[in-house]
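So the structure is just underneath, and the comments pick up after that.
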Amino acid sequence: MAWANEISSCIALGLLQGILGTALFLTLRILNFTDLTCEGSFVFGACVSSMLLGRGYGVCVSVATAFAAGGVAGLCTGVLNIVFKVKDILAGILVAFMLYSINLRIMGVPNITLPENVAIGGVYLFGFGIVCILGYLLTTDWGLAFRSVGQNQALAKTTGVSVKKMTFIGLALSNALIGLSGSLFSINQGFCDIGSGTGLLIVGLASVIIGEKVLPFRSFYLKILGCFFGSVLYRFFICLALNLDSSQLKPSDVNIVTGLLILAFMSSKITFRRRLTCPSS
């Protein structure tokens, strides 16, 4: 029974963090923008929805507002990068850094407990529906223009694609999904904590890397599915490592396990590419 609970928990957390992985896939892989806003926008979405739920607003309103709040955070990163010419990495770090104070202002305290018996079954479907719509959009003409920005900005400009507009849209959509993930995560856990976003960038990267390794397909639907599958698989690896009696690992060792897991998948991918490009060796 204990293992059954662990497995169900891994699947639930993996699916929620799969939305985060999809958002990072959108910016890192498609837009080719190193966005580090996620640790701030994740908590931002969680804080906004938690405060609204605490004040009696419906769960749908709270989660939709968190989705919009994450989008605003992404737009702020875009403004710093495009308008003020701040490097993409530094722009994301600055926004995440400032969001820490904003999140504390919103919450008033470092952590709050959410109301009990919040029904969110339909909201989960809303979140996954948005991800499916994203997969469809990437296959349209608009998606082709959007993908061209990450592949070759000079060529995109010559074909009439507005690189600035597409960058704004990509950052807003990515961080909106991250805010949605943070909102659903806090509701699932029953509380919101100011430090819940720490290390989420690595979790999202692990989801993307594992998904790409396990499902190496060209279809964007399968790539997005790979982010969810990679996130669930990541949670299983962490759970297995921390619950094996022979491992002697503690919860504080989760960063070591995560780092080694990512390195293992990355190194195996590099080896595979070398075999393809250097068959004689």
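The values are calculated or read from the model by the stated rules, or taken from the named source; none is laboratory data. Just so it is clear, the structure is predicted and the values come from calculations on it, not from any experiment. Positions of Cβ are backbone-derived with ideal geometry, glycine not excepted, and every protein chain shown enters the neighbour counts.
Name the one entry in G135, G170 that is surrounded by 15 or more Cβ atoms within 10 Å (Cβ to Cβ), at pLDDT 95 or above and not acidic (D, E).
G170
Just one of (1) on the phi > 0 side of the Ramachandran plot; (2) outside any loop (DSSP other than H, G, I, E, B); (3) not charged (D, E, K, R) trips up G160, so point out which.
(2)
Consider region 51-65. How many of its residues are crowded, with 24+ Cβ neighbours inside 10 Å and in contact with a Phe, Trp or Tyr (Cβ under 8 Å, 6 or more places away or on another chain)?
Number satisfying all stated conditions: 1.
Find all pairs meeting these conditions: Cβ atoms under 8 angstrom apart; at least six residues apart or on different chains; first residue within region 184-198 and within 8 Å of A46 (Cβ to Cβ); second residue modelled with pLDDT under 90 and assigned to a loop (DSSP other than H, G, I, E, B).
S186/L114; C192/L114
Within the bounds of region 145-158, is there any residue that is loosely packed, with under 15 Cβ neighbours inside 10 Å, within 23 Å of the chain's Cα centre (by Cα) and modelled with pLDDT of 90 or more?
yes
So for region 17-34 (the condition being more than 28 Å from S162 (Cα to Cα) and at pLDDT below 95), does at least one residue qualify?
yes
Tell me, yes or no, whether region 146-155 has at least one residue that is outside any helix (DSSP H, G or I), touching a residue at least 12 places away in the same chain (Cβ under 8 Å) and not aliphatic (A, V, I, L, M).
Checked region 146-155: no residue is outside any helix (DSSP H, G or I), touching a residue at least 12 places away in the same chain (Cβ under 8 Å) and not aliphatic (A, V, I, L, M).
So which of F84, F44 ends up being under 25 Å from K164 (Cβ atoms), of a type outside the set (A, V, I, L, M) and in contact (Cβ under 8 Å) with a residue 12 or more places away in the chain?
Step by step, each of F84, F44 is checked, and only F44 is under 25 Å from K164 (Cβ atoms), of a type outside the set (A, V, I, L, M) and in contact (Cβ under 8 Å) with a residue 12 or more places away in the chain.
Just name the residue that is farthest from F44 (Cα to Cα) out of those in region 69-81 that are touching a helix residue (DSSP H, G or I) at 6+ places or on another chain (Cβ under 7 Å) and without any contact (Cβ under 8 Å) to a residue 40 or more places away in the chain.
Per the criteria, the residue is L80.
Which of the residues belonging to region 213-242 are within 15 Å of the chain's Cα centre (by Cα) and not small (G, A, S)?
K223, I224, L225, C227, F228, F229, V232, Y234, R235
Out of the residues in region 208-239 meeting the condition of being part of a helix (DSSP H, G or I) and hydroxyl-bearing (S, T, Y), tell me which one is nearest to L26 (Cα to Cα).
Restricting to residues being part of a helix (DSSP H, G or I) and hydroxyl-bearing (S, T, Y), the top hit is Y221.
Give the residue, chosen from G45, G40, G58, G71, that is farther than 22 Å from T198 by Cα, in contact with a Leu (Cβ under 9 Å, 6 or more places away or on another chain) and not aromatic (F, W, Y).
Only one candidate passes the filter, namely G58.
Please go through region 240-268 and pick out each residue that is outside any helix (DSSP H, G or I) and exposed (fewer than 14 other Cβ atoms within 10 Å of the Cβ).
L244, D245, S246, S247, Q248, K250
Taking the criterion of being hydrophobic (A, V, I, L, M, F, W, C), crowded, with 24+ Cβ neighbours inside 10 Å and closer than 28 Å to G70 by Cα, would at least one residue in region 188-202 satisfy it?
yes
For region 9-24, state whether one or more residues are surrounded by fewer than 16 Cβ atoms within 10 Å (Cβ to Cβ) and in a helix (DSSP H, G or I).
yes
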